[in-house]
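Structure first, commentary second.
The values are calculated or read from the model by the stated rules, or taken from the named source; none is laboratory data. Because the structure is a prediction, the values reported are computed rather than measured. Note that we place each Cβ from the backbone using ideal geometry, even for glycine, and neighbour counts take in every protein chain shown. Areas reflect the complete protein model, heavy atoms only, side chains present, ligands, DNA and RNA absent. Shrake-Rupley method; radii C 1.70, N 1.55, O 1.52, S 1.80 Å.
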Amino acid sequence: MPRHIEDRFLPYTPEQMFDLVADIGRYAEFLPWVQAMRVTSNDGTTVVADMVVGFKMVRERFTSRVTLDRPRALHVNYISGPLKYLRNDWRFDPAPGGCTVHFAVDFEFQSKLFERLAGVFFGEAFRRMVASFEKRAGALYDPSRGISNSSAQSTA
């Protein structure tokens, strides 16, 4: 059961980071391995979306429900796809000069083969994913900003 937790201080407001992460329909523009996104419903507090991810010969479709608590947090509930379960949370805590972004994900594949493959590279994949959000924030909000301080922890 892979798990990844990461905290990063970023020089952006909680509102800016929340808006970036909540803009689910644009993930395919900047997230590695996301090949397509389709928002199927959005009532302002709950978003249901399909995501197609691919890496080399593997391509999978996930459906998730995202609960929005602007500007504090997002919680992802897994609906369907190749996983037994997925728990994913984002939290945005105000801090002097920006905010601390807390990212946590915990999941298990239905297939033990996928589970073993994921264990080989998932920590790096999630670090790259969080870094992609950081890079996107810089491009949207302040392209002159540099790389932030971060701490990450992964377990397989």
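Key figures for this structure:
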read-out	value
The lone exception for residue 59 - which of (1) at pLDDT below 95; (2) within 22 Å of residue 139 (Cβ to Cβ); (3) among the charged types (D, E, K, R) it fails	(2)
Complete set of residues in the stretch 37-84 that are among the hydrophobic types (A, V, I, L, M, F, W, C), open to solvent by less than 50 Å² (accessible area, probe 1.4 Å) and farther than 17 Å from residue 111 by Cα	37, 47, 48, 49, 52, 66, 68, 73, 74, 76
Some residue of the stretch 50-61 being touching a Leu at 6+ places or on another chain (Cβ under 6 Å) and aromatic (Phe, Trp, Tyr)	no
Residues of the stretch 3-15 classified as surrounded by fewer than 19 Cβ atoms within 10 Å (Cβ to Cβ) and either within 16 Å of residue 142 (Cα to Cα) or hydroxyl-bearing (Ser, Thr, Tyr) (or both), total	4
Residue within the stretch 92-109 that is open to solvent by 30 Å² or more (accessible area, probe 1.4 Å), under 22 Å from residue 26 (Cα atoms) and in contact (Cβ under 8 Å) with a residue 40 or more places away in the chain present	yes
Tally, over the stretch 2-47, of residues that are part of a helix (DSSP H, G or I) and not aliphatic (A, V, I, L, M)	9
Long-range neighbours under 6 Å by Cβ, at least six apart or interchain, first residue under 15 Å from residue 62 (Cβ atoms) within the stretch 23-44, second assigned to a strand (DSSP E or B) and small (Gly, Ala, Ser)	24/49; 28/36; 35/54; 39/49
